[in-house]
Amino acid sequence: MKKKISIVSFLFIALSVVTATPVIDYFPQLTPEKQKALLAGEMVEGTSIDDEIMSYIPSGSIITDTAEEVSSYEKGFVVAINILVPYPETMKGMNDEEKLLYLYNNSLQVSTMKGIEYISHRAGDKLKVLFDDASMLSSSDASDRIEDPEVKTVPDYAEHYVYMKDTSFGKNVYRIEYKAREKELALEMRNTSELKFMGIGIVAPGKVAMSLDMILTDEGILFSGLASIKDKTPKINLLVYTIDLEESILNRVIALKDWYFGRIGD
């Protein structure tokens, strides 16, 4: 009887190992070169201008529906990034449930986005502050500021509003949908206010979509970022300025990635 139980246990463990999804299986359409780069811990990125953008979206992930929606825009563009990040020391020893809770609570610390930086090509590849101010809100009203919340369990779905004072695009309110399931957490953001440059409106409410997705794997945290702008070309001319919207939203997704992994590594 003990022998039979041991055999069953061995088969169960073996099946679990076999059925675990390797990181590379999430990206069957990526080129071998980019698959290799991803496994090496390098960031891989693509745009709807130059690439088949869905090849950069983890197969079966929470953000798949959003990616399919934004990639079907008749006018607009999409950027995507992926990177495999080793688990920081703070997360080692945690089970998957504890890891997901840790990721979720850190994603709620919106006020810590204040002062995060990005590399501005327009400023000569120099670091610039991205957000002068950031805060969680109790409603879509920018004046309804609240403390960053913390939860004890991860909900399958939650909705929050956040205020961000962008150094390029002014004061904005975003609606963020938090979606979670086993081993995965996603944040999907949409602007509820108009993006402005030097006080002139350039992107209407609801036209900017940014998604951040984290999948727990045996190899580390698979991070995917997706950003899009609807009804705009990648570059627009405004007065004497040429605004590279594609570069701008890519910079913001990368900055959010750096902020987030800076948070969880503390």
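The values are calculated or read from the model by the stated rules, or taken from the named source; none is laboratory data. The shown structure was predicted, so the numbers you read here are calculated from the model rather than taken from an experiment. Here the Cβ is made from the backbone with ideal geometry for all residues, glycine too, and neighbour counts use every protein chain on show. Heads up: the accessible areas ignore ligands, DNA and RNA and are worked out on the full protein's heavy atoms, side chains in. Shrake-Rupley method; radii C 1.70, N 1.55, O 1.52, S 1.80 Å.
Here are some notes:
- Using the Cα coordinates of the chain, the gyration tensor eigenvalues translate into equivalent-ellipsoid semi-axes of 35, 22, 16 Å, sorted from longest to shortest.
- Cα-only radius of gyration and Dmax that characterise segment 83-236, units Å: 16.6, 50
- Normalised contact order of the chain, rounded percent, pairs of Cα under 8 Å and 6 or more residues apart: 19
- Filter on Lys171/Lys207; Lys75/Lys171; Lys34/Lys235; Lys114/Lys171; Lys165/Lys257 - keep pairs with C-alpha separation over 21 Å: Lys75/Lys171; Lys34/Lys235
- Take the Cα of Asp132, go 7 Å toward its beta carbon, and the backbone nitrogen atoms of segment 162-186 under 18 Å from that spot belong to 163-174.
- Förster radius 30 Å - calculated FRET efficiency between Glu89 and Arg181 (Cβ-Cβ, nearest 0.05): 0.70
- Potential lengthening of the chain between Asp258 and Lys165 amounts to 31.7 nm, from the contour at 0.36 nm per residue minus the alpha-carbon distance.
- Rg/Rh for segment 133-210 stands at 1.02; both radii use Cα atoms, and Rh follows the Kirkwood definition.
- Longest to shortest principal axis, alpha-carbon extents of segment 63-114, angstrom: 46, 26, 18
- The charge dipole of segment 156-245, taken about its Cα centre with unit charges on the Cβ of Lys, Arg, Asp and Glu (plus for the first two, minus for the last two), comes to roughly 580 debye.
- Solvent-accessible area per residue, Å², over segment 94-141 with all protein chains present [probe radius 1.4 Å]: 49
- Contour minus Cα-Cα distance for Lys196 and Glu150 (0.36 nm per residue): 13.4 nm
- Ala204/Lys36 FRET efficiency (R0 35 Å; Cβ-Cβ; nearest 0.05): 0.30
- Global dimensions of segment 110-171 from alpha-carbon coordinates: Rg and Dmax equal 14.4, 44 Å.
- FRET E, pair Lys114, Asp244, Förster distance 35 Å, beta-carbon r, rounded to 0.05: 0.90
- Portion, in percent, of the accessible area of the chain that falls on carbon or sulfur, probe 1.4 Å: 53
- Estimated [θ] at 222 nm from DSSP helical runs (n ≥ 4, -39500 (n - 2.57)) normalised by residues in the chain, nearest 500: -8000 deg cm²/dmol
- Hydrodynamic radius by Kirkwood, which averages 1/r over all alpha carbon pairs of segment 145-266, in angstrom: 15.9
- Stretch gain in nm, segment Glu69-Glu219, where the contour uses 0.36 nm per residue and the Cα spacing is subtracted: 51.1 nm
- Approximate spin-label separation Ile236-Ser139, in nm, with each point projected 7 Å along Cα-to-Cβ: 2.9
- Look at the alpha carbon pairs under 8 Å that are at least 6 residues apart: their mean separation over the length of segment 204-266 gives a relative contact order of 25 percent.
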